[in-house]
Amino acid sequence: VASQSSTGPDHPDVASGSRSVAPAGYFDAASTAPLHPAAREALLAALDQGWADPSRSYHQARRARLLLDSAREATAAVLGARPDEVSFTSSGTQAVGLGLAGLVRGRERVGRRVLAAAVEHSSVLHAAADAVGDDDGVRTLAVDSLGRVDTDEAVAALRGPGVALLALQSANHEVGTRQPVDEVAATAREHGIDVPLLVDAAQSVGRDPLPRGWSVLTASAHKWGGPAGVGVLAVRTGVRWRSPSPEGALEHGRVPGFVAVPAVVAAAAALVAVERDRAAESARLSALIDRLRARVPDLVPDTVVLGDPVDRLPHLVTFSFLYVDGEALLADLDREGFAVSSGSSCVADSLQPSHVLVAMGALTHGNLRVSLPIGAAEPDIDRFLDVLPGVVARVRGVLGAEGL
Amino acid sequence: VTVVPAYDAVLDERGHVCPLPVIALARAAAADPAGRVLLLADDPAAETDVPAWCALRHRRLEWVGDSPDGRGRAYLVSGPPA
């Protein structure tokens with residue numbers, strides 16, 4: 001077995017068997033993943049074979065259509081959907097926007113109140129505010145200190161007047177906590193409540209078992225190793241969803257614009273490859289995350305470990321270090337060769353702390369998210385554990401905050 | 001008019017961003033563990049980080065309101081909860 005150093009930081013770790021292309025120290029997979037080798041291969045082939053307009057009937061078009069259809073079938077199988085329920089969009093954000101606005105339109109006779117977990121991705125919260133025209137039409141559901149909504153509270157909120165939909169993510173993108181999507185769906189059904197659930201599954205697809213209780217599910221291919229520019233919008237058969245787009249939308253009438261067939265084919269190829277190894281790879285990464293959760297508080301004083309320790313995404317953990325400047329922390333880790341992210345306000349363009357951390361009541365400064373790419377190597381984690389205590393001590397030292 | 005409860009010292013951390021207001025609070029607490037400190041801060045992160053720090057350090061967040069002069073927020077922090 002080749003060591004990490006023999007493959008080099010910028011070359012695929014072919015020895016691991018997981019076919020990772022992430023460079024050593026790249027721990028920001030929740031933001032985006034490098035292109036999976038299966039996607040690269042499929043993309044090159046599909047650029048040549050799938051360029052034609054799949055809605056035409058000549059032979060080049062039929063070839064593109066076949067590629068698109070098989071990509072749709074493969075994607076639907078992974079999502080637990082029917083092929084005709086699945087549409088490809090040009091981004092995860094577009095999928096969220098169309099999914100949400102379509103549900104609001106479909107529920108116009110019921111009402112325009114959108115419920116959303118307070119810790120939803122900002123694209124969901126922005127789309128919600130946009131779809132109902134004002135912030136007053138959006139009601140956020142509180143979360144506990146782990147970042148999870150309460151099933152009974154969510155179901156109680158669904159009983160309120162004029163509720164168009166509930167947006168509930170599969171798992172949180174910043175702290176990894178899974179949301180009780182299927183419990184909320186089942187409990188609502190038991191009580192005869194029929195409100196659609198929009199599930200942003202961007203962090204779970206290809207990583208974690210997916211909930212089944214969705215009405216609309218959205219995802220983003222660049223998170224699982226597909227190319228950027230491909231999102232997925234799945235709408236369950238029978239759900240009242242009305243396209244917010246002008247006439248002439250493609251993809252079962254759900255998405256405006258020409259479909260990027262080669263990119264979609266590449267996205268599906270990556271998803272199939274990732275899904276094939278998912279159970280084993282997620283178990284391996286989850287053990288590495290367990291190690292980080294256990295070791296970092298021992299090695300670094302005044303560390304808060306965030307998110308659910310067990311009922312969580314397999315590849316992600318977030319810490320807050322007391323008296324640490326998040327921006328300096330990220331810069332120092334970058335110098336040491338680690339790419340990570342932070343929800344601290346000093347790192348945000350808005351200079352506002354992450355709304356997820358605020359909703360959890362968690363310490364927002366000195367925040368550090370580690371999200372492991374597929375194939376992340378164990379020696380990389382060892383080196384991170386070696387480097388982190390010194391980096392945090394240095395950043396604290398600059399502010400004169402040691403020993404407080 | 002904001003009526004602020006009695007305090008022993010004021011820390012004006014307005015214009016400073018995280019983690020500086022919380023570090024100032026920690027220094028004041030180390031210097032006078034029983035003291036009642038009024039922290040003035042306009043960093044939006046302080047809204048979350050001051051309560052979070054109090055919980056971590058077993059300090060009591062007695063009161064939160066607008067600063068007496070209307071610029072930023074005020075946090076009254078005292079020694080460990082009884």
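Could you give the Stokes-Einstein D for chain B in µm² per second, using the C-alpha Kirkwood radius, 37 °C, 0.692 mPa s? D, rounded to a whole number, is 267 µm²/s. Each Cα pair under 8 Å and six or more residues apart adds its sequence gap; the mean of these over the residue count of chain B is a relative contact order of 34 percent.
Neighbouring Cβ atoms from other chains, within 10 Å of the Cβ of residues in B:47-54, number 6 on average. Each peptide among A:25-33, B:55-63 gets the average number of other Cβ atoms lying within 10 Å of its residues, and from highest to lowest they stand as A:25-33, B:55-63. Which of A:Leu313, A:Ala287, A:Val300 sits closest to the plus end of the dipole of chain A, meaning its Cα is farthest towards the positive end, when Lys and Arg get +1 and Asp and Glu get -1 on the C-beta? Of A:Leu313, A:Ala287, A:Val300, it is A:Leu313. Counting, for every residue in A:344-350, the Cβ atoms of other protein chains within 10 Å of its Cβ and taking the mean gives 3. In terms of overall dimensions, the stretch A:72-145 has a Cα radius of gyration and Dmax of 14.1, 40 angstrom.
Between the beta carbons of A:Phe258 and A:Ser350, assuming R0 = 45 Å, the FRET efficiency works out to 0.85 to the nearest 0.05. Here the calculated FRET efficiency for A:Arg56 and A:Asp334, from their Cβ-Cβ distance with R0 = 35 Å, stands at 0.15, rounded to the nearest 0.05.
Size estimate for the protein assembly as shown follows the Kirkwood approach: the inverse of mean 1/r over distinct Cα pairs works out to 24.0 Å. What you get for the stretch A:70-128, charging only the Cβ of Lys and Arg (+1) and of Asp and Glu (-1), is a dipole of about 300 debye around the Cα centre.
Rounded to the nearest 5, the antiparallel percentage of DSSP beta bridges internal to chain A is 60%.
If both residues of a DSSP beta bridge must be in chain B, then about 75% of such bridges are antiparallel. At R0 = 56 Å, how high is the FRET efficiency between A:Asp298 and A:Ser70 if r is their beta carbon distance? Nearest 0.05 is fine. So, using R0 = 56 Å, E works out to roughly 0.70.
When peptides B:4-10, A:233-239, A:356-362 are sorted by average Cβ neighbour count within 10 Å, with the highest value leading, the order is A:356-362, A:233-239, B:4-10.
When the charge dipole of the stretch B:1-58 is built from unit charges on Cβ atoms (+1 for Lys and Arg, -1 for Asp and Glu) and taken about the Cα centre, the candidate among B:Ala41, B:Cys54, B:Gly15 whose Cα reaches farthest toward its positive end is B:Cys54.
Positive end of the dipole of the protein assembly as shown (Cβ unit charges, origin at the Cα centre): among A:Gln169, A:Phe27, A:Gln60, the Cα lying farthest that way belongs to A:Gln60.
Taking Cα centre as origin and charging only the Cβ of basic (Lys, Arg, +1) and acidic (Asp, Glu, -1) residues, the dipole magnitude of chain B rounds to 240 debye. Residue ranges A:314-321, A:263-270, A:375-382, A:296-303 sort as A:263-270, A:314-321, A:375-382, A:296-303 when ordered by packing (mean number of other C-beta atoms within 10 Å per residue, highest first).
With 5 Å bins from zero, work out the P(r) of the stretch A:60-193 over every alpha carbon pair and list the percent per bin. So the P(r) values, bin by bin, are 2, 10, 16, 19, 20, 16, 9, 5, 3, 2, 0. Relative contact order of chain A, taken over Cα pairs closer than 8 Å and 6 or more residues apart, is 22 percent. Extension gain, A:Glu378-A:Ser145: 0.36 nm per intervening residue step, less the Cα-Cα distance, totals 80.9 nm. Within the stretch A:78-223, DSSP assigns beta bridges of which about 5% are antiparallel (rounded to the nearest 5). Rounded to the nearest 500, the helix-only mean residue ellipticity at 222 nm of chain A stands at -12000 deg cm²/dmol, with each DSSP H run of n ≥ 4 adding -39,500 (n - 2.57).
We did not get these values from a lab; they are worked out from the coordinates using the rules stated. What you are looking at is a predicted structure, and each value in this text was computed from that prediction instead of being measured. Neighbour counts run over all protein chains shown; Cβ positions are idealised from the backbone, glycine included.
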